[in-house]
Amino acid sequence: MSTTPLVSIVIGAYNAERYLAQTLDSLLAQTMRDFELIVVDDGSEDRTFEILKEYENRDPRMRPLRIPHGGIVDAANAGLDAARAELIARADADDIHMPERLQKQVHYLEAHPEVVAVGSRMQMIEPYGSPLRDSDHKLAHEEIEAALLTADGWALPQPAAMLRKSVAMKVGAYRKDYLWSEDLDLFLRMAEIGRLANLPDVLVQYRIHPNSTNWKKRDIQMANKPKLIREAYERRGKIPPAQLQLNGPSDQPAAERYRFWIWCALKDQNIYGARRHAVSALRAAPLSTASWKAAYCALRGY
C-alpha cells in the first residue's frame, strides 16, 4: 500500500500457530478496512511465520515481520516502530475480534481527542472457543486510572486497546523494566498526559488457556508490580500508600478452572472441548470427586 493507513494493528507472536489463523481471519474481516496488519514473529520455532506469509500472499494489508527471539517487549516495540498509522490497535495472537471493533474505536478517538488510549469490554472464552463470561470493565478515566494504580493491568485490556502512537512513543513505548506487566506500565505513563477510556461494547473474545501470559507469568508479574506502582505514584507527585493493595491475575487451582471450563463447554454443546478439559482436570486432581463428576458428565455429553 502506498497511502498511509488509518490504523496499524500490531501483534506480537511467538509459537502462535494454534490460534493464529482465527485471529487473522477476524481482523481481516473488519468492517473498517483501512488498516495494515503488522504481526511480529518473535523468533518462533513452529509454523507461525509460514502462516503469516500465506496470509500475506492473499491480502496486501498483511505486513509480517520476523525478529530474533527477544521477548514480548521487543516484539511490541518492533511493531510500534514499523507502524505507519497514528492509531495503533493492539491484539494478541490467540483472540477473536468482533467485526466492528476498529470502526467503533476509531470513531471514539476521533470524537475524543483528549483520549490517548481506548479499550473495550471483552468476552472470555476457553481454549476451544466456548464463552465463559463477559467482562465488566470500568469505562471512565478516573476509574481506570485508579484501578491501574492498584496494579490491575486488566483495567484497560491491552488485547482490546487502541492507542495513539505519538503519545506511546513520547512516554518511552514499552519498557523491559517491568516484563509481563509492560502494558500496565505503558498505560500508567500515558495516563499522565491524556485520558483513558473503555467502550461498553464487547469487541474482543479473549481466549484463556494454559499457555497464556497471565497463567504462566503470574509470579513474575506480581513480583514486579510493587516497584512499578510506587514509581507511578512518585511520577504523579503523590505518596504511595504504606500498604499497597495490589491486584493481579487469579491463582485459581488448575483443576477448579478446568472443571469450570467443562461446564461452560457443555452449556455451549462443545462436547469435544468438555472432554479435553475433563482429561486435564483429572490429571490436575485425580482424587477429586468433583473432577470425576465433571468428567462423567463430559463423557455423557450433558
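Computed from the coordinates by the stated procedures, all read-outs in this text should not be read as laboratory data. Owing to the predicted nature of the structure, the values given are computational and were not obtained by experimental measurement. For neighbour counting, all protein chains shown are included, and Cβ atoms are generated from backbone atoms with ideal geometry for every residue, glycine included.
For the chain, modelled as a Gaussian network with Cα springs under 10 Å, which listed residue fluctuates most, PHE260, PHE187, PHE35? Answer for the Gaussian network model of the chain: PHE260. Counting only Cβ charges, +1 for Lys and Arg and -1 for Asp and Glu, the dipole size of the chain around its Cα centre is about 660 debye.
For ARG66, nonlocal amide neighbours, meaning residues 5 or more places apart or on other chains whose placed amide H falls under 5 Å from its own, are ASP41.
Using the Stokes-Einstein relation with a Kirkwood hydrodynamic radius computed over Cα pairs, the translational diffusion coefficient of the stretch 240-302 at 10 °C and a viscosity of 1.306 mPa s comes to 127 µm²/s.
Between the listed residues PRO60, LEU287, ILE38, the Cα displaced farthest toward the positive end of the dipole of the chain, a dipole computed from Cβ unit charges relative to the Cα centre, is found at LEU287. Converting phi to 3J(HN,Hα) with the Karplus coefficients 6.51, -1.76 and 1.60 and the offset θ = phi - 60°, the stretch 20-37 yields 4, 4, 4, 5, 4, 4, 5, 6, 6, 9, 4, 5, 8, 9, 8, 8, 10, 10 Hz in sequence order, with x at every glycine or proline. Take the alpha carbon atoms of the stretch 131-227, find their radius of gyration, then divide it by 2.2 N^0.38 Å using N residues; give the quotient. Scaled against compact globular proteins, the figure is 1.08. For the stretch 68-110, GluC sites (Glu not before Pro) meeting the loop criterion (DSSP other than H, G, I, E, B) and having at most 16 other Cβ atoms within 10 Å: GLU86, GLU100.
Mean sequence separation of contacting Cα pairs (under 8 Å, at least six apart), scaled by the length of the chain, corresponds to a relative contact order of 17 percent.
For the stretch 149-300, compute Rg over Rh where Rg is the Cα radius of gyration and Rh is the Kirkwood radius from the inverse mean 1/r over Cα pairs.
Answer for the stretch 149-300: 1.09.
Shape summary of the stretch 26-140, radius of gyration then Dmax from alpha carbon positions: 15.4, 43 Å. Dipole orientation for the chain: of the candidates PRO253, SER181, LEU20, PRO253 has the Cα lying most toward the positive pole (charges on Cβ; Lys, Arg +1; Asp, Glu -1).
Please state, rounded to one decimal and in Å, the Kirkwood hydrodynamic radius that the chain gives when every pair of distinct Cα atoms enters the mean of 1/r.
One decimal place: 20.1 Å for the Kirkwood radius.
Comparing ASP41, ASP177, ASP92 in a Gaussian network model of the chain, where Cα atoms under 10 Å apart are tied by springs, the biggest mean-square fluctuation is seen for ASP177. Quick one: P(r) of the stretch 66-196 from all Cα-Cα pairs, 5 Å bins, percents rounded to integers, in order of increasing distance. The percentages, shortest bin first, are 2, 10, 20, 23, 22, 15, 7, 2.
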